[in-house]
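Single-structure report; data block below.
Every read-out reported here was derived from the displayed coordinates using simple, explicitly stated rules and does not represent laboratory data. Worth saying up front: this structure is predicted, and the values here are computed from it rather than measured. Neighbour counts run over all protein chains shown; Cβ positions are idealised from the backbone, glycine included.
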Amino acid sequence: MSTGNMNLTLKVWRQKNNNTKGALVDYKLAGISPDMSFLEMFDVLNEDLITKGEEPVVFDHDCREGICGMCSMFINGRPHGPKDLVTTCQLHMRSFKDGDTIVVEPWRAAAFPVVKDLTVDRSAFDRVIAAGGFISVNTGNAQDANNLPIPKMQADAAFEAAACIGCGACVATCKNASAMLFVSAKISQLALLPQGQPERYRRVQSMVAQMDAEGFGNCTNTGACEAECPKGISLENIARMNRDFASAKFISEETV
Amino acid sequence: MSGFGNAFSSSIGKKFIMGATGIFLILFLIVHAGINALIFLDDQGLTFNIGAHFMATNWIIRAGEVVLMLGLLAHIFQALRLTLQNQKARPVKYAEYDGKANSKWYSRSMGLLGTLLLIFLVVHLKDFWVVSRFTGIPTVDANGHEDLYAVMKIKFQEPLRVGVYVLAMVSLCYHLLHGFASAFQTMGWNHSKYNGIIKGAGVWYSIIISIVFAAMPIAIYFGIIQ
Amino acid sequence: MSDINSNIPEGELTSKWTKFKSSVPLVNPSNKRTIEVIIVGSGLAGASAAATLAEMGYKVKCFCFQDSPRRAHSIAAQGGINAAKNYQNDGDSTYRLFYDTIKGGDYRAREANVHRLAEVSANIIDQCVAQGVPLAREYGGLLDNRSFGGTQVQRTFYAAGQTGQQLLLGAYSALERQIGMGKVEMYTRHEMLEVVKIDGKARGIIARNLITGEIERHFGHAVVLGTGGYGNVFYLSTNAMGSNVTAAWKAHKQGAYFANPCYTQIHPTCIPVSGDHQSKLTLMSESLRNDGRIWVPKKKDDNRKASEIPEDERDYYLERRYPAFGNLVPRDVASRAAKERCDAGYGVGASKLAVYLDFKANTERYGRIEASKSGIHNPNKETCMRLGTAVIKEKYGNLFDMYAQITGENPYETPMRIYPAVHYTMGGLWVDYNLMTSVPGLYCTGEANFSDHGANRLGASALMQGLADGYFVLPYTIGAYLSKEISVKAIPTDHPAFVEAEERAVGILNTLINIKGTKSVDHFHKRLGHIMWEKCGMARNEKGLNEAIEEIRALRAEFWSNVRVPGIVGELNPELEKAGRVADFIELGELMCIDALNRNESCGGHFREEYQTEEGEALRDDENYAYVAAWEFKEGVNFELHKEELKFENIKVAQRSYK
């Protein structure tokens, strides 16, 4: 079926559910095309497994164009594999060589428990957003959009922070499983915009408290998150969050 | 802590303590290294001993010393807490983890470097601080000051001690290479126009401070200064 | 000729919606607190509706199959969102957006709905900006616009190539806010498997918890489906892997009519298929056609590299055929033109199923502008290309990177190769003016319904419709129904209708697991996709459609006797999820062919080869086919046609021309 000629050995994490222990299992694959995406290579593996009467590997994926943030494989020690600025679904087999051994594991963090095989539960991120990652404006209350000019530089910076896809690669790669890049990206986006000002200091306190409650680790500024983020979210956001947190705790009178 | 809530117990609060104490220690090292460098005046340690005498007797400095100790303890204690917490945040480790692909080894090894420095500190405090503050310095110099310089000259005759000190300064250098810029980042002092300066200053600071410290035992051992 | 009532309010077109809003019955706040609404889907249409209804005070339950509502496929929309703001002072107006949409839809959409869409379009931009959606701005701090296919004004708002993402994250944050306040209960990794009907009204759903495999019953006074389109019936499409028709199809089987299923949008600018392993196709935003020129060699089977083909041997066929709109003709026209050239033997690339999208001319033009801005007179070509590349990079950088990533080619140096691919489905559940399906209490919003785009959707109108439905239309129209339901107490889920619906759902799951055949679900899905693409794709004809119907029926029989679904029901089992979805796609595929066969005309995304003008343009038959084909599901897999006549009272129906 496949048209290529790469032979690979995969070591894939298999784990039935969150209550059982998992282990790396070896699979041999032949005839992989360099034009395949990494997930299409997994499709081939699963088709093989189904034909052989074995259970296919469960992994998260959806849009397969690098924007939904669902795919989440830790490949050869790096989230989303060896290439910078791409998600697993955008990684192509031409980034590997014939005969390679590829180790594939799920994101590992206490806050991201394994659901099955390579699938983890990232609902902690949703709860952090629910704690304050929004502007409280009900539908129908908005003024004309152009009544509020926003300097382009600021709007662009907010956009860059907002480009986060919530995949969790930052947590996965951080040696401390810290979620600060994710949390700070949302805090920054809204802190940079005039619309975000009324809730600015409330937001940073609530979101940080929720982040801590979820059991993420602490940031030690290694910069790994920024380096591995498929959307290039900058560490500057973490500094901005820290600054806002300090202002919120020591200058503003708002307590949460 | 009614109004401040979790200001210091939250993840960011703990970082503030690390960052603030770190910056405090960075400033202290400048003073320490500055006084140490006085030995290179090559005046039999006379000026150096004046400095040491001032540091040992001035009450503001003595009070500052208490603050320094507390800061150091806070830095160490907080680091331990953070490390333990961070380990809990990833209970199952990766089979394959390619750290070098995205960060510097010393950034990932601050705990290890810090531990080495802590061990060194015990040795170092015993060597000089305990002597100058508690057990007493046996001799005085030409000015009648306690001759800490003489103590140093004796101690740094032992090659093992010199080796330990030099290696410790290598640890210090790497610890600072990460710590300097990291402290600024933690405190939120990040600005596209100044980031380059902070980074550059951090590198120069780390190298110069470590060299100045390491130069003392080396210079004394090899008899470069008398 | 209509035998169904679309409940369009009386009165002038321009005042219908205003009048409706001020006369629709209201539900008082204390009653809202006891009224429960179920929303299936958390994309633009679902999340915006869930958030808004919760803000209004209703008790909302929202379901999505992804692990987070933020991942719904609306997130992948790249280009932009239309709104009649006239910020560019280029003569835009509500009427023009209305007119462009009706014309773009080849006169197969309902006037009243489309006008309402145009009216609320401006509110959407206001709402999103208020939420902190970082839309692109100019240096003066005001919002920027770009132009899109099928229009002659600049009314498209955008956020680089990630407009859908930013709008969805806006709706998602509004939804999360309500979740945090306890006003929306969110069920992620849940898939709706049945609609529960009691006394003819939709009263709840049966959903499967995808993690545990447990079957759950949920009651609602009303049910809203915002479950997206069904483009994955073609196997290869720009849709996400999980995009499916199951919720809509189950509703269809419970009595909701399915309208215009054959209207499929084939997007002209996608990355061509590279091999059998391909699992999905990637869109290159239509916005690229602003600055890219589309061409093929003038010589058949020209195997030279693009750079070696001189200017006078290139055929810019869109500019040649449609001088007025050029590269910005609507999607259906651009797609068919590409297919025509490739079928005639002028295609490029290894597969010969591709055309070039070339940025060189505009890169140079931008470079010249930049050079003069920075005071360089008479710049040479290299300088122009260098400066122009920076401009192109700023505008489309992420799209170019994506192209390079997928194809391994550098689009800054060689022209992109593109080919049409299935992208959007204009058809969907039939809804009346209130967005209610033919099942009382069952609503449908966004791409899942058939409403606003006629036979062809214009670029940047999907985001507009999804958010219009969810933020500004449904929250009003649903009140008309719920105001009559205030005395209905929550119905316990041990009601026989829930039991029966659950049995139906469980029956299907068990059957699928127990077939234990020899072929994987994907195997059947690929075969279905092949039939659909070949015989019900960009061009259709009577013979092919008849064949397709037979082939699909045979495929259905084979599927139900030979599919292999590993694992068990009571666990996370993606193969089982896929199997259920493909089973529904197979039935839908048949209906699409039946609908295409019934419509003996060409219009928009439906091109019947028998019905074309001498120049090869679509030939409509307004006399006999100016109707919405709404199909009712009948026992077995049979369908009965109902017609809703389309009346055009405010627009003169004409042959669509972009020449």
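Of all lysines in the structure, those lying under 28 Å Cα to Cα from C:Lys85, and not within fewer than 8 positions of it along the same chain, are A:Lys152, C:Lys16, C:Lys19, C:Lys21, C:Lys103, C:Lys393, C:Lys395, C:Lys647, C:Lys652, C:Lys659.
With a/c under 1.5 counting as rounded, go ahead and sort the protein assembly as shown into rounded, prolate or oblate using the C-alpha gyration tensor (a ≥ b ≥ c being the square roots of the eigenvalues; past the cut-off, prolate if a/b is larger than b/c, else oblate). Verdict is prolate for the protein assembly as shown. For chain C, the longest principal axis of the Cα atoms and the long axis of helix C:44-56 meet at an angle of about 50 degrees.
What is the sum of charges, Lys and Arg at +1 and Asp and Glu at -1, for the other residues whose Cβ falls under 14 Å from the Cβ of A:Tyr201?
On the way: positive: A:Arg200, A:Arg202, A:Arg203, A:Arg240, A:Arg243, A:Lys249; negative: A:Glu199, A:Asp244, A:Glu253, A:Glu254.
Residues close to A:Tyr201 contribute a combined charge of +2.
Membrane-span-like helices in chain B: DSSP H runs reaching 15 Å or more (Cα, own axis), mean Kyte hydropathy at least 0.5?
Numbers: long enough: B:11-37 (38 Å, 1.51); B:46-57 (16 Å, 0.91); B:59-88 (44 Å, 0.75); B:110-124 (20 Å, 2.38); B:159-186 (39 Å, 1.05); B:195-221 (39 Å, 1.52).
Those that pass (Cα extent of 15 Å or more, hydropathy at least 0.5) are B:11-37, B:46-57, B:59-88, B:110-124, B:159-186, B:195-221.
Extent along the principal axes, Cα only, for chain B: 59, 44, 38 Å, with the longest axis given first.
How would you classify the range C:297-346 from its alpha-carbon gyration tensor, with a ≥ b ≥ c the square roots of the eigenvalues: rounded for a/c under 1.5, else prolate if a/b is greater than b/c, otherwise oblate?
On the way: a/c = 2.65, a/b = 1.57, b/c = 1.69.
Oblate, since a/c reaches 1.5 and b/c is not below a/b.
Between B:Tyr205, B:Leu38, B:His124, the Cα set farthest toward the positive side of the dipole of chain B (charges on each charged residue's Cβ, about the Cα centre) is that of B:Tyr205. Evaluating 6.51 cos²θ - 1.76 cosθ + 1.60 at θ = phi - 60° for every residue in the range C:367-372, the Karplus couplings come out as x, 4, 5, 4, 4, 5 Hz, glycine and proline recorded as x.
Would you mind giving the mean number of other chain beta-carbons within 10 Å of the Cβ of each residue in C:67-79, as a whole number? Provide the component values of the computation, followed by the final result.
Numbers: counts 15, 9, 2, 9, 11, 3, 5, 1, 9, 7, 1, 2, 0.
Partner Cβ neighbours, averaged per residue: 6.
Across all directions, the shadow cast by the convex hull of the range C:49-189 built on its C-alpha atoms averages 9.6 square nanometres. From helices alone, chain B scores -23000 deg cm²/dmol at 222 nm; the rule is -39500 (n - 2.57) for each run of n ≥ 4 DSSP H residues, then divide by the residue total. Placing pseudo-labels 7 Å out from each Cα toward the beta carbon at B:Val122 and A:Asn147 gives an inter-label distance of 6.8 nm. Charged neighbours of A:Asp62, selected by a Cβ distance under 15 Å, balance to +1 (K, R count +1; D, E count -1). How would the range C:483-619 be classified by its alpha-carbon gyration tensor: rounded, prolate or oblate, with rounded meaning a/c under 1.5 and the a/b versus b/c comparison settling the rest? The shape class here is oblate. Pairs of Cα atoms in chain A fall into 5 Å distance bins, from 0 up to the last occupied one, in shares of 1, 6, 12, 16, 16, 14, 11, 8, 6, 5, 3, 1, 0, 0 percent. Given C:Ala596, C:Ile406, C:Gly200, which one lies farthest toward the positive end of the charge dipole of chain C, if we put +1 on the Cβ of every Lys and Arg and -1 on the Cβ of every Asp and Glu? Towards the positive end, the residue furthest out is C:Ile406. Taken residue by residue and averaged, Cβ atoms of other chains lying within 10 Å of the Cβ of A:106-119 number 3.
Using a simple charge model, +1 on the beta-carbon of Lys and Arg, -1 on the beta-carbon of Asp and Glu, nothing else, what dipole does the range C:606-659 show about its Cα centre, in debye to the nearest 20? Don't skip to the answer; put the middle values down first.
Working: 8 positive and 14 negative charges, 51 e Å.
Roughly 240 debye for the range C:606-659.
Normalising the average separation of contacting C-alpha pairs (under 8 angstrom, six or more residues apart) by the number of residues puts the relative contact order of chain A at 19 percent. With contributions of -39500 (n - 2.57) from each DSSP H run of at least four residues, the per-residue ellipticity at 222 nm computed over chain C stands at -11500 deg cm²/dmol.
Around the Cα centre of the range C:1-58, unit charges on the Cβ atoms of Lys, Arg, Asp and Glu (plus for the first two, minus for the last two) sum to a dipole of about 200 debye.
Local charge sum around A:Lys28 (other residues, Cβ-Cβ under 14 Å, Lys/Arg +1, Asp/Glu -1)? Walk me through the intermediate numbers first.
Numbers: positive: A:Lys11, A:Lys52; negative: A:Asp26, A:Asp48, A:Glu54, A:Asp98, A:Asp100.
With Lys, Arg at +1 and Asp, Glu at -1, the net is -3.
Tilt of helix C:574-598 relative to the longest C-alpha principal axis of chain C, in degrees (0 to 90, nearest 10)? Value to nearest ten degrees: 70. Most tightly packed first, judged by the mean number of other beta-carbon atoms within 10 Å of their residues, the peptides C:594-602, C:467-475 read C:467-475, C:594-602.
Converting phi to 3J(HN,Hα) with the Karplus coefficients 6.51, -1.76 and 1.60 and the offset θ = phi - 60°, the range B:97-107 yields 9, 9, x, 5, 5, 9, 7, 7, 4, 6, 5 Hz in sequence order, with x at every glycine or proline.
Which order do the peptides C:545-555, A:233-243 come out in when sorted by mean C-beta neighbours inside 10 angstrom, highest first? Before the final figure, lay out each step's value.
Values: C:545-555: 18.3, A:233-243: 23.3.
Descending mean neighbour count gives A:233-243, C:545-555.
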